[in-house]
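The values are calculated or read from the model by the stated rules, or taken from the named source; none is laboratory data. In this text, all values refer to a predicted model and were calculated from it rather than measured experimentally. Here the Cβ is made from the backbone with ideal geometry for all residues, glycine too, and neighbour counts use every protein chain on show.
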Amino acid sequence: MDDLNAFLEPGMVVTHPNQPDWGQGQVQSNIRGRVTVNFRDAGKIVINSSHVMLLPVIEGARD
């Protein structure tokens, strides 16, 4: 299985491509393909990196 989020590190800000209503989230940990993210509007969620590629938020970028 591919780890689609191997590059993510704690402190990075991301969004979930299929859950825009969760808002932005901060990566808490990234261990063996499981990324824990604290989303603004959904709380702490554990993401399986073999199924979902989280999208990093680039500071200063516009929608």
- Which residues, taken from region 34-54, are among the hydrophobic types (A, V, I, L, M, F, W, C) and surrounded by 14 or more Cβ atoms within 10 Å (Cβ to Cβ)? VAL35, VAL37, PHE39, ALA42, ILE45, ILE47, VAL52, MET53, LEU54
- Note on the structure: Residues of region 8-30 being in contact (Cβ under 8 Å) with a residue 40 or more places away in the chain and in a loop (DSSP other than H, G, I, E, B), in sequence order, are LEU8, MET12
- Item | Counted residues, region 7-24 - those being touching an Asp or Glu at 6+ places or on another chain (Cβ under 7 Å) and surrounded by 10 or more Cβ atoms within 10 Å (Cβ to Cβ) | 2
- Task: Would you mind telling me which numbered condition in (1) more than 11 Å from the chain's Cα centre (by Cα); (2) of a type in the set (Lys, Arg); (3) modelled with pLDDT of 95 or more ARG62 fails?
- Result: (3)
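Anything in region 42-59 that is more than 25 Å from ASP2 (Cβ to Cβ) and either modelled with pLDDT of 95 or more or not in a loop (DSSP other than H, G, I, E, B) (or both)? List them, or say none.
Of everything in region 42-59, just one residue is more than 25 Å from ASP2 (Cβ to Cβ) and either modelled with pLDDT of 95 or more or not in a loop (DSSP other than H, G, I, E, B) (or both), namely GLY43.
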